[in-house]
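Asks: Supplied in structure tokens, the structure appears directly below.
Please treat every number below as a calculation from the coordinates, not as lab data. Keep in mind it's a predicted model, so treat the numbers as computed, not measured. In this analysis, Cβ positions are derived from the backbone assuming ideal geometry, glycine residues included, and neighbour counts consider all displayed protein chains.
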Amino acid sequence: MLRDFNPWIFIIAISATVASFAQVLLKMSAGKRHKNWIFEYLNPYVIGGYGLMFVGMFLNIFAYSRGVQYKNGPIMESTGNIWVVVLSALFFKEAITKNKVLGNVLIFLGIAIFYIGWSDISPALAFLERDILSFFG
């Protein structure tokens, strides 16, 4: 299965990273007091955050146009959850708790299990590499 790995999948992971930085900018804006309601929406943090969201969306479209299968997108998008924990600790001084670490470890394990070449471990496990839809059709 690793032989079929598409390197454009990493563009989706980069997109998730960009989206995480966008969330940080938007949260920074939400934590500030603004002169009036218009500046709540028209300030550098919000404009930058939505600009990064646009870049992330463009990266996703680019990666899918290069042949990334749709089943890979949500798997790589889950890396954004890892970035949120790291960036929250850096920018907002939020504690990294045991539950957050456990959650991130489970995300990494899920990604590894999804991409592992089971038949490389044992030919008897090759059935695990099939798509779920192949069981129904």
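Asks: Between N99 and S65, with labels modelled 7 Å along Cα→Cβ, what's the label distance in nm to one decimal, could you check?
Replies: 4.2 nm
Asks: Equivalent-ellipsoid semi-axes (√(5λ), Cα gyration tensor) for segment 2-135, whole Å, largest first? Display every interim value, and only then the final one.
Replies: Details: eigenvalues 259, 72, 18 Å².
Semi-axes from the Cα gyration tensor: 36, 19, 9 Å.
Asks: Now a separate question. Listed highest first by mean packing, meaning other Cβ atoms within 10 Å per residue, what order do 51-58, 30-37 come in? Before the final figure, lay out the partial values.
Replies: Values: 51-58: 16.0, 30-37: 9.1.
Top of the packing list down: 51-58, 30-37.
Asks: Sticking with this one: Students often check this: by mean Cβ neighbours within 10 Å, which of 67-80, 86-99, 7-20 ranks highest, and how do the rest follow? Walk me through the numbers on the way to the answer.
Replies: On the way: 67-80: 15.6, 86-99: 11.6, 7-20: 19.0.
Highest mean packing first, the order is 7-20, 67-80, 86-99.
Asks: So how do V24, V105 line up by other beta-carbon neighbours within 10 Å, fewest first?
Replies: V105, V24
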